[in-house]
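Worksheet for the structure shown next.
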Ligand code: GLN
Ligand code: ZN
């Protein structure tokens, strides 16, 4: 018999119950006890939804983040979050978000840094280390969840982050080597394992996804050291790797003294047979056979084709699971009754994925005949997707096949273009602009919602949006900004807005995925060839331009960002989907240009996020990503000015690719790095215009004029001043007008002072 299990379940709740409970707690509308009840209810429901599995994950449920939970478990919360008057729960939230429920706004604590969990869009709280860090076991959370599971008759397999990955995920705040802490950390892990054994646990899942990254000899040695030391503990360890291939770490993973290894067979299909051959015969092999990061139904027959021979070889030693925790997919497809019936047929969310797993296990255990019906139904869904005329559009295919290198090239080099643009635009030195969005007020949100529900007619909606655009233009003129924007009131989200207008996209109602803490995103589903039936932004932009003599910048989201923030197709390479998106955006760029819009910004906020986990794979990604941007952006007249925007601050390792985009102007997030990040641009001799963000839009505070001037002076030491723009870090949609107006006033005043 094969064993089935799961690596982790989404915790936010099908209706985002955890989100609302958390936010109520933080706002003082709920007590910690209320929050605990919601959390326990969710766990109970989630365990029931996984009840058919042989082992159910326990302890991966988190009130905020599983990495932060591990920091609590090993007693490594930053000292600054401890508050004598507060509860442990508030210490936890202070580490997560700078505030406990009862902290007054004046006394915020610095929250832990947040960064992306491998190559997913989930963000974790970075553990902090110094040379003096001491660890201490604090197993209550895990043990109480375990007891709770036991009471409910759950066949529990506790989940923890392994010691090496835990250190790998963190950062040292004093320049010390965090790997030196391993020997101090291991005894705490040993105690934890013993405590779990005392509680009657047989298997513990130890997540070590660092094994799918490039590891140097020290880190590889750390794995050996750690698991040789932990092998004397009683529970059996299932070493879980996911998100990628093991490559050079495959032998290491096979040889570590643990009772079993989990391999993500979706990301590492070519390693399945190698690991089957390498793995010592006393170990179990868990294979991730259902994609835990995408929303498509699995092709069960195709999976069984390769899985049956593996089962033949391994017999009882074979375990089956999703490829990774299901944290990265929505909970349940059942409530998606508004979704187009044909497309719904192609999808599987967490609950459905576990059903698929069950079917695979039964097919192996009892033979395919035992699940004949479900297999036939699955086959039908898979074929209906393959055959659907809504997936394939021959015109789009032909257009992508016909893309030439010429199409991604501007007519003349930057120096010639910028001269033409300057003559046409007549901008002052240090031109001022913003990144696109202005505050999303309750009124505009309300109008969008009413329009969606049919409570507002098309013309009435247009009127409301135009009024908001007119307001934005008036305010910008009053502020004296040089390049204006229409303010994006019609956009709920910079990806969804475009997805909704493109053929090939579908949207869910409840398809929420946790991004961090209580924040969720609802990625649109890219299911078919992308086609733009009509212009998407031209009317709003030209309306804005009609109200002012100043230039208005058209505002688009770039193909790479749309791709990276969607659930994408698994039936064609990402690269192909990206080029299709590029062609759609390119059509929009050209329509804007025809309509007289001379400045067009194409946001690539998520370009860096798409970087593969292994540096050796970066070049391939960057080649197609940058090419997609160029195809979208560069077929315009020399006098048309292309801007791009990126909201992150690490450019050193990708600056060459950024330069290849050849945008006339790039605006970036810099204010928190004191312009140091411009060193990358300086050292590379980045040739085009740059707008380094001069203030942090994430903060409600008004920036200081002299501070901005100083920042710009620092910038001018690195970039010739004639190529510098003055702008905020990012879009202003999350701010209030009362915050935005004085902030921009100060920014404009600073630019004027600089000109003087
Ligand atoms: N144009 C977008 C805005 O201003 C850019 C947002 C972003 O970079 N994330 O909101
Ligand atoms: Zn941004």
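Using the Cβ-Cβ distance between residue 753 and residue 113 with R0 set to 35 Å, the FRET efficiency from 1/(1 + (r/R0)^6) comes to roughly 0.55.
Rg of the Cα atoms in the chain, relative to 2.2 N^0.38 Å, amounts to 0.98. With the convex hull of its Cα atoms as the shape, the range 639-756 has an orientation-averaged projected area of 7.3 nm².
Average projection, convex hull of the Cα set of the range 670-730: 3.8 square nanometres. Only residues of the range 423-457 count here: report those whose backbone N is under 19 Å from the spot 7 Å along Cα→Cβ of residue 738, or say none. The answer is 438-445, whose backbone nitrogens lie closer than 19 Å to the label point. Highest mean first, the peptides 733-745, 447-459, 633-645 sorted by other C-beta atoms within 10 Å per residue fall in the order 633-645, 733-745, 447-459.
Considering only DSSP beta bridges where both residues belong to the chain, give the percentage that are antiparallel (nearest 5).
Working: 10 of 63 bridges.
Restricted to the chain, the bridges split so that about 15 percent are antiparallel.
Counting only alpha carbon atoms, the long axis of helix 442-453 and the longest principal axis of the chain meet at about 70°. Peptides 564-570, 672-678 ranked from most to least packed by the mean count of surrounding Cβ atoms within 10 Å: 564-570, 672-678.
Once the C-beta distance of residue 332 and residue 217 is scaled by a Förster radius of 56 Å, the resulting FRET efficiency is 0.80 to the nearest 0.05.
Taking Cα atoms only, the orientation of helix 618-633 departs from the longest principal axis of the chain by about 30 degrees. Distance between the 7 Å Cα→Cβ label points at residue 131 and residue 82: 2.2 nm. Distance between the 7 Å Cα→Cβ label points at residue 308 and residue 637: 6.5 nm.
Taking a ≥ b ≥ c as the square roots of the Cα gyration tensor eigenvalues, the range 591-710 comes out oblate, since a/c reaches at least 1.5 and a/b does not exceed b/c. Its residue count N sets the reference 2.2 N^0.38 Å, and the alpha-carbon radius of gyration of the range 1-158 equals 1.09 times that reference. Expressed per residue, the C-alpha convex hull volume of the range 159-293 stands at 113 Å³.
When you restrict to C-alpha pairs under 8 Å that are six or more residues apart and normalise by the size of the chain, the relative contact order lands at 11 percent. Taking each residue as 0.36 nm, the span from residue 273 to residue 570 lengthens on full extension beyond its C-alpha to C-alpha distance by 104.7 nm. Rounded to 0.05, the FRET efficiency of the residue 460 and residue 717 pair, given R0 = 56 Å and the Cβ-Cβ distance, is 0.60.
Remark: the range 139-198 projects, on average over all directions, an area of 4.8 nm² (convex hull of Cα atoms). Take the Cα of residue 546, step 7 Å toward its Cβ, do the same at residue 445, and the gap between the two points is 3.0 nm. Mind checking the log10 I(q)/I(0) for the range 105-229 at q = 0.22 Å⁻¹? Debye, one equal scatterer per Cα, no solvent, two decimals. The Debye formula, applied to the Cα set alone, gives -1.38.
One decimal place: the segment residue 232-residue 40 gains 65.8 nm when fully extended, by the rule 0.36 nm per residue minus the C-alpha distance. Every pair of different Cα atoms in the range 651-698 enters the Kirkwood calculation, which places the hydrodynamic radius at 11.0 Å.
Mark the label point 7 Å from the Cα of residue 706 along Cα→Cβ and return the residues of the range 724-747 whose backbone N is within less than 17 Å of it. Answer for this model: 746-747.
Let me know the shape class of the range 399-457, please: from the alpha-carbon gyration tensor, a ≥ b ≥ c as square roots of the eigenvalues, rounded when a/c is under 1.5, otherwise prolate if a/b is greater than b/c, or oblate. In terms of gyration-tensor shape, oblate.
Here the sum of -39500 (n - 2.57) over DSSP H runs of 4 or more residues, divided by the residues of the chain, equals -13000 deg cm²/dmol at 222 nm, to the nearest 500. Each part gets one Cα centre, and for the range 544-560 versus the range 720-756 those centres are 18 Å apart. Sequence-distant contacts, meaning Cα pairs under 8 Å at least 6 residues apart, place the relative contact order of the range 209-318 at 22 percent. Any chance you could give the angle, 0 to 90 degrees and rounded to 10, that helix 350-366 forms with the longest Cα principal axis of the chain? The helix 350-366 is inclined about 40 degrees to the chain. Taking 20 Å as the cut-off, the amide N atoms of the range 446-471 that come nearer than this to a point 7 Å along the Cα-to-beta-carbon line of residue 501 belong to 446-454, 456-471.
As a ratio to 2.2 N^0.38 Å, the alpha-carbon radius of gyration computed for the range 311-450 takes the value 1.85. Each peptide among 463-471, 574-582, 550-558 gets the average number of other Cβ atoms lying within 10 Å of its residues, and from highest to lowest they stand as 550-558, 574-582, 463-471.
Can you classify the range 382-513 as rounded, prolate or oblate using the Cα gyration tensor, where a ≥ b ≥ c are the square roots of its eigenvalues, rounded means a/c under 1.5, and otherwise it's prolate if a/b beats b/c and oblate if not?
Here the range 382-513 falls in the oblate category.
DSSP finds beta bridges in the range 236-296, and of those with both partners inside it, around 0 percent are antiparallel.
No lab work stands behind these numbers, since they all come straight from the coordinates. None of the values given here were measured: they were computed from a predicted structure. Glycine gets a Cβ as well: all are built from the backbone with ideal geometry, and neighbour counts include every protein chain shown.
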